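The values are calculated or read from the model by the stated rules, or taken from the named source; none is laboratory data. Fair warning: this is a prediction, and the values are worked out from it, not measured in the lab. Neighbour counts run over all protein chains shown; Cβ positions are idealised from the backbone, glycine included. We work out accessible area using only protein heavy atoms, side chains counted, and drop any ligands, DNA or RNA first. Shrake-Rupley method; radii C 1.70, N 1.55, O 1.52, S 1.80 Å.
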Amino acid sequence: MTALALAPLERRLVDECQRDLPLEPRPFAALAARLGVEEEDVLEGLRRLSELGVVSRVGAVVAPHRAGWSTLAAMQVPAEILPAVAEFVSGFEEVNHNYEREHRLNLWFVVTAPSAWRVDQVLREIEYRTGLAVIDLPLVEAFRLDLGFPLS
């Protein structure tokens with residue numbers, strides 16, 4: 001789907017939700033007021049954008065280690081068990097996502113938890129239960145990239 005195939009409100013939602021989402025109890029009502037539409041229109045537009053695969057998530061981006069702890073991790077997993085190990089890793093509520101890479105370290109994932117201790121505990125449990133080494137790749141220096149792409 002191209003941006004041209006989106007309805008005008010959907011295009012505006014993509015633009016408006018990339019930055020400055022209102023931080024208040026009813027952010028979508030505030031966004032609706034700003035756009036001159038009803039809250040349900042905003043919610044329905046975001047649902048459709050999600051269903052179309054245009055939007056994967058709407059939410060805050062928090063500076064690293066300001067609200068909890070996270071790390072990037074990698075594993076070298078034999079190809080024949082990669083799907084099973086990836087599914088196991090994704091079973092931890094602390095794992096945001098994982099993905100396969102074409103590299104010796106072929107399974108990468110992000111672990112986010114309330115504390116560094118819990119992140120380490122998850123990594124050690126994955127290592128223990130799979131019998132495979134987990135490489136912890138903690139954040140050394142944070143870079144803020146503005147990934148906003150206005151449609152209008």
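In Å², and per residue, what accessible area does the range 69-137 have when probed at 1.4 Å with the other protein chains present? Write down the numbers at each step before the final one.
On the way: 4100 Å² over 69 residues.
Ligands and nucleic acids excluded, the result is 59 Å² per residue.
Taking K and R as +1 and D and E as -1, what net charge do the other residues with C-beta under 14 Å from the C-beta of A33 add up to? The partial results should precede the final answer.
On the way: positive: R12, R26, R34; negative: E16, D20, E24, E38, E39, E40, D41.
Within the 14 Å Cβ shell, the charges total -4.
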Using a cut-off of 12 Å between beta-carbons, work out the net charge of the residues near P8 (Lys and Arg +1, Asp and Glu -1, P8 not included).
-1
Calculated from DSSP helices alone, with each H run of at least 4 adding -39500 (n - 2.57) and the total divided by the residues of the chain, [θ]222 nm to the nearest 500 comes to -11000 deg cm²/dmol
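Please give the charge dipole size of the chain, origin at the Cα centre, charges +1 on K and R Cβ atoms and -1 on D and E Cβ atoms. Round to the nearest 20 debye. Numbers along the way, then the final one.
Details: 15 positive and 23 negative charges, 54 e Å.
The calculated dipole for the chain is roughly 260 debye.
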Given H placed on each backbone N at 1.01 Å, which residues far from L137 in sequence or on other chains put an amide H within less than 5 Å of it?
L72, A73, A74
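Could you tell me what percent of the accessible area of the chain is made up of carbon and sulfur, with a 1.4 Å probe and every protein chain present? Walk me through the numbers on the way to the answer.
Values: 5660 of 10290 Å².
Percent of accessible area from carbon and sulfur atoms in the chain: 55.
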